[in-house]
There are 2 protein chains.
Amino acid sequence: MTWPDVPLLAYKNDGSPFRDITRRTLMGDAPREAELDFLVRYFEVQAGGYSTLERHQHPHAVVILRGRGTVILGDRLHAVEAGDCVYVAPQCFHQFHADAGESLGFLCVVSRERDRPVLPSDEELARLREVPEVARLLRV
Amino acid sequence: MTWPDVPLLAYKNDGSPFRDITRRTLMGDAPREAELDFLVRYFEVQAGGYSTLERHQHPHAVVILRGRGTVILGDRLHAVEAGDCVYVAPQCFHQFHADAGESLGFLCVVSRERDRPVLPSDEELARLREVPEVARLLRV
């Protein structure tokens, strides 16, 4: 499942730090789908890549569809693989890493109306870095 | 991906007609997930089974995860397989069939607040049955 016919979107264009990750909106962007209150997106992180470390008020519902990797959720790491569901709670810093030598693909459902992500402040970063395994993995 | 640890729910308990289909809520039912405005459910139809033919105002965003089958959307049939995305528009009659000799598994995202499904009236059924290929497949 790679949806080659669905347009590839820029993962971000806000200058935030990420690596080797693509984004597609599978459902919700087409005009006829305007009645969906949410968007179903598909992200794929290539081996060694990662998403932006960020937080926001809107929650994420993530379902891992392929590969393996690790997710930073606040000050904890979680190994994930195809089939796993990840709930990203409001204001929880999160970063998806394809750190298992293979790509990591996942669906991420979000409300259509949502707030903008916030990058960590220096103080927040310092706090996250107090956890050694998080400090080793996070990229900012 | 079959989520054996996620509780199996009754597909329906309203007496509506269906066959060999199971339902799981993957995300949105847990108290800590109450901030999700939507639910991510997983349905699996065993070979030969089908969901209830129904319509409602809330749309569905469906992503087929396994197998093959056929979906009735209004007066049209659509063959589906893993990777396909199906948008079920408001008030569109729909029925998922695992009619390809294998089970059909799909995610279905819906708004948490939604209206109740409506079964077809005799008149609506008669109209659907005017389309021969729909008439052959539909089960009510």
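The values are calculated or read from the model by the stated rules, or taken from the named source; none is laboratory data. Note that the coordinates shown come from a computational prediction; the quantities given were computed from them, not determined experimentally. We place every Cβ from the backbone using ideal geometry, glycine too, and count neighbours over all the protein chains shown. Each accessible area value is taken on the protein alone, full model and side chains, heavy atoms only, with ligands, DNA and RNA left out. Shrake-Rupley method; radii C 1.70, N 1.55, O 1.52, S 1.80 Å.
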(message) Residues that are at pLDDT 95 or above, under 30 Å from B:His56 (Cα atoms) and among the small types (Gly, Ala, Ser): does region A:42-57 have at least one?
(response) no
(request) Can you work out which of the residues in region A:87-137 that are in contact with a strand residue (DSSP E or B) (Cβ under 9 Å, 6 or more places away or on another chain) and of a type in the set (Gly, Ala, Ser) is surrounded by the fewest Cβ atoms within 10 Å (Cβ to Cβ)? (result) A:Gly101
(message) Quick test for you: out of B:Arg129, B:Arg112, pick the one residue that is touching an Asp or Glu at 6+ places or on another chain (Cβ under 8 Å) and over 21 Å from A:Arg32 (Cβ atoms).
(response) B:Arg112
(message) Which count do you get for residues in region A:47-68 that are under 12 Å from the mean Cα position of the chain (by Cα) and either away from every other protein chain (no Cβ under 14 Å) or open to solvent by 20 Å² or more (accessible area, probe 1.4 Å) (or both)?
(response) 7
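Going through region B:12-21 one residue at a time, which ones are open to solvent by less than 90 Å² (accessible area, probe 1.4 Å) and either at pLDDT 85 or above or farther than 10 Å from B:Ser51 by Cβ (or both)?
Within region B:12-21, the first condition is being open to solvent by less than 90 Å² (accessible area, probe 1.4 Å), and the residues that meet it are B:12, B:14-18, B:20-21.
Scanning region B:12-21 gives B:Asp14, B:Gly15, B:Pro17, B:Phe18, B:Asp20, B:Ile21.
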(message) Could you tell me how many of the residues in region A:79-88 are touching a Pro at 6+ places or on another chain (Cβ under 8 Å) and facing chain B (nearest Cβ under 7 Å)?
(response) 1
(request) Taking A:Val140 as meeting all but one of (1) at pLDDT 95 or above; (2) open to solvent by 70 Å² or more (accessible area, probe 1.4 Å), write down the number of the exception. (result) (1)
